[in-house]
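Below is one structure, written out as structure tokens; the observations come after it.
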Amino acid sequence: MTQNSIPLQTATETLSPEVQVHAAAHAFAQALAESAEFQAFEQAAERLRQDETAQQAILAYQNKQQSLQMMLRLNAVSPQDQAEFERLQKGFLNQPSVAAYLQAQEELNALCQAAAGLLSERIGLSYTAACGPGCC
């Protein structure tokens, strides 16, 4: 080793807290990506993207929702439009690939919430409250 060389730091305790946090976040992301829940979610999402029937059902529902958006906010939708809207909603929710996607999403969300709970417990702070809505 020359006089100008800087020794590599490999021991965790010699790394700055910021570097340790980034390393831990990277390890957590890797573990999450390798989890059964994440893998199932990715597979379900891909199946849903490839399911033309489900995509058509979702699009029909979204188009109807968009056309009724203002009336829905005012709670002034006609009974016929409401029935059509509900029929379209059931139509896409009953698609097997949609149901599988929603189930996988729910299981991944439960895993993320459990991880956030563990993080909160370890740091003594409500992680989900600290990062705001939509965090987990």
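Which one is nearest to LEU119 (Cα to Cα), of the residues in the stretch 16-54 that are of a type in the set (S, T, N, Q) and over 18 Å from the mean Cα position of the chain (by Cα)?
At the first step, the residues of the stretch 16-54 found to be of a type in the set (S, T, N, Q) are 16, 20, 30, 35, 39, 43, 50, 53.
Right, trim to over 18 Å from the mean Cα position of the chain (by Cα) and you get 16, 20, 50, 53.
Numbers: SER16: 20, GLN20: 15, GLN50: 36, THR53: 41 Å.
My answer is GLN20.
Quick test for you: out of TYR101, TYR127, pick the one residue that is at pLDDT below 90 and under 29 Å from GLN43 (Cβ atoms). It would help to see each step written out before you state the result.
Numbers: TYR101 fails: at pLDDT below 90.
It is TYR127.
Pick from the stretch 55-90 the residues that are charged (D, E, K, R) and more than 25 Å from ALA44 (Cβ to Cβ): which of them is modelled with the lowest pLDDT?
Let us first name the residues in the stretch 55-90 that are charged (D, E, K, R), namely 64, 73, 81, 84, 86-87, 90.
Within this subset, residues satisfying the condition of being more than 25 Å from ALA44 (Cβ to Cβ) are 73, 81, 84.
Details: ARG73: 87, ASP81: 93, GLU84: 95.
It comes out as ARG73.
Quick one: is GLU84 acidic (Asp, Glu) and under 30 Å from ALA24 (Cα atoms)? Break it down into steps so the answer makes sense when it comes.
On the way: acidic (Asp, Glu): yes; under 30 Å from ALA24 (Cα atoms): no.
No; evaluated as a whole, the condition is false for this residue.
So, in the stretch 51-100, exactly how many residues are free of Cβ contacts under 8 Å to residues at least 40 places away in the same chain, touching a helix residue (DSSP H, G or I) at 6+ places or on another chain (Cβ under 6 Å) and hydroxyl-bearing (Ser, Thr, Tyr)?
1
Give me the residue from the stretch 12-68 that is farther than 24 Å from GLU86 by Cβ and among the acidic types (Asp, Glu) and, out of that set, surrounded by the most Cβ atoms within 10 Å (Cβ to Cβ).
Of all residues in the stretch 12-68, those farther than 24 Å from GLU86 by Cβ come to 12-47, 49-50.
Those still in the list that are among the acidic types (Asp, Glu) too: 13, 18, 34, 37, 42, 46.
Details: GLU13: 6, GLU18: 8, GLU34: 9, GLU37: 17, GLU42: 13, GLU46: 12.
Filtering first and then ranking leaves GLU37.
Can you name the residue in the stretch 69-121 that is outside any helix (DSSP H, G or I) and among the aliphatic types (A, V, I, L, M) and, of all such residues, is surrounded by the fewest Cβ atoms within 10 Å (Cβ to Cβ)?
From the stretch 69-121, those outside any helix (DSSP H, G or I) are 74-78, 94-95; that's our starting set.
Applying the additional criterion that residues be among the aliphatic types (A, V, I, L, M) yields 74, 76-77.
Working: LEU74: 8, ALA76: 10, VAL77: 16.
The extreme case among them is LEU74.
Looking at (1) at positive phi; (2) of a type outside the set (Val, Ile, Thr); (3) in contact with an Asp or Glu (Cβ under 7 Å, 6 or more places away or on another chain), which is the only condition ASN75 fails?
(3)
The values are calculated or read from the model by the stated rules, or taken from the named source; none is laboratory data. Since the structure is predicted, the reported quantities are computational estimates derived from the model, not experimental observations. Every residue, glycine among them, receives a Cβ derived from its backbone with ideal geometry; neighbour counts consider all protein chains shown.
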